[in-house]
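Written below as structure tokens is the structure these notes are about.
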Amino acid sequence: MDSSPAAHAPAAHDEGHASVQTYIRVAVVLAILTAIEIGALYVPGLPKHVLVTLILIFGTMKFALVVAFFMHLRYDNKVLTALFVGPLVIATLIILAIMALFSAFLLLARG
Amino acid sequence: MAAEHVAVFHNPNIGTTGLDHRKMGMWAFLGSECMFFGSLIGTYLAYKGKSINGPGPHEILNIPLTSVSAFVLLMSSLLMVLALAAVQRNDMKWGKIWLFLTAVFGAGFVGFQIFEFTHFVHLGLTLQTNLFGSTFFVLTGFHGAHVTGGVIWLLAMWWLAVRGRLGPQDSLKVEICGLYWHFVDIVWIVIFALIYLIP
């Protein structure tokens, strides 16, 4: 039985965080993605399905950057990733299921 | 046998997983919040375009104004990680400044939302007007309430720091507050894209 102090020492809750420089770089990327996302709305003649796809892709990238770097999931224990991503997947499926039940997919034309 | 009973350091907050209970608890809470906001977003999208009377989203949503407020909330996330980094390196002067500025940016976002809600009511959109009004106000209202809770939490952390009762040994408390704050930011990233930007 290993009862040495080291065995019972508190586990590091941070496996290491990003540097301040990384945080600033991520914030700049987030600002650029937001600008492109909003700018796409004002591009004349852009087909709706292209616009929707762009907004969804850029939104997903922003979401992933904040979770990975600002919330440190990239550096933290994988158990925490599972605790968050599991319900996130379920939530996404709930959204898709409700939309399917109500025939309300974004790309479908509505009156 | 006696050797096995030597005094050992055991942190009661660390469980068999080796992770801090408080941090795990916050992540589990955020997971449940994903499903909470997922159901509200799903309901909004399911009823989108099905109101039988106006005003509708394309007549009323102010994209430039909301873009500014979305940017303010996004940048508050940067301020939050800067606050955490400052507290971790025991730079409490900047820790206090970043914490306070994060709360100010959050309060600014809430201010934008109060202005937007008031403006919509003046234009004739209320919770009872139509399906758009009901789903929009419930979704964005719950998000605004979460941001307000976050601002109060941030101000409490800032006040502890001002009183000298927050130091690098408490960085996990700041990190957990930050997790909540970043979560309200990512929820707004989704709401902004799905409700405001997608035509």
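Observations, loosely collected:
- GNM flexibility winner over chain B from B:Leu99, B:Leu84, B:Leu127 (Cα, springs under 10 Å): B:Leu127
- Remark: A:Tyr75, B:Tyr44, A:Tyr42, A:Tyr23 ranked as A:Tyr42, A:Tyr75, A:Tyr23, B:Tyr44, counting other beta-carbon atoms within 10 Å and listing the fewest first.
- Label-point separation, B:Gln169 to B:Val138 (7 Å along Cα→Cβ), nm: 4.7 nm
- Mean Cα-pair separation over length for chain B, i.e. relative contact order, pairs under 8 Å, 6 or more apart, %: 29 percent
- Chain B, dipole about Cα centre (Lys/Arg Cβ +1, Asp/Glu Cβ -1), debye to the nearest 20: 240 debye
- Using a Förster distance of 45 Å, the FRET efficiency for B:Asp91-A:Tyr42 (Cβ separation, nearest 0.05): 0.60
- In plain terms, the chain from A:Ala97 to A:Thr22 could stretch by 23.3 nm, reckoned as 0.36 nm per residue minus the Cα-Cα distance.
- With K and R counted +1 and D and E -1, the other residues having a Cβ less than 14 Å from that of B:Gly144 yield a net charge of -2.
- Cα centre as origin, Lys/Arg/Asp/Glu Cβ charges: the protein assembly as shown dipole, Debye: 460 debye
- Projecting the Cα positions of B:Gly49, B:Phe115, B:Ile152 onto the charge dipole of chain B (unit charges on Cβ atoms of Lys, Arg, Asp and Glu, taken about the Cα centre) puts B:Ile152 furthest along the positive direction.
- Between 0 and 90°, nearest 10: helix B:171-191 axis offset from chain B longest Cα axis: 20 degrees
- C-alpha center-to-center spacing [segment B:83-98, segment B:99-120] in angstrom: 24 Å
- Stretching A:Lys78 away from A:His49 to a fully extended chain increases their span by 6.9 nm, per 0.36 nm per residue minus the current alpha-carbon distance.
- 3J(HN,Hα) couplings calculated from phi for segment B:106-114 with the Karplus curve 6.51 cos²θ - 1.76 cosθ + 1.60 (θ = phi - 60°) are, in sequence order, x, 5, x, 4, 4, x, 4, 5, 4 Hz; Gly and Pro show x.
- Each of B:Ser67, B:Ser77 has some number of other Cβ atoms within 10 Å of its Cβ, and from fewest to most they run B:Ser67, B:Ser77.
- Listed pairs B:Lys23/B:Lys48; B:Lys23/B:Lys93; A:Lys48/A:Lys78; A:Lys78/B:Lys173; A:Lys78/B:Lys48; A:Lys78/B:Lys93 exceeding 29 Å between Cα atoms: B:Lys23/B:Lys48; A:Lys48/A:Lys78; A:Lys78/B:Lys48; A:Lys78/B:Lys93
- Counting 0.36 nm for each residue step from B:Leu65 to B:Thr17 and taking away their Cα separation leaves a gain of 12.7 nm.
- Other residues within the sphere of radius under 13 Å centred on the Cβ of B:Ile63, judged by their own Cβ, net out at -3 (K and R +1, D and E -1).
- Packing-based exposure ordering (other Cβ within 10 Å, fewest first) of A:Ile24, B:Ile52, B:Ile114: B:Ile52, B:Ile114, A:Ile24
- B:Lys173 sits among other residues whose Cβ lies under 11 Å from its own Cβ, and their net charge, with Lys and Arg +1 and Asp and Glu -1, is 0.
Only the coordinates and a few stated rules stand behind these numbers; no lab work does. Since we're looking at a predicted model, the values are computed, not measured. With ideal geometry, Cβ positions are generated from the backbone for all residues, glycine too; neighbour counts draw on all protein chains shown.
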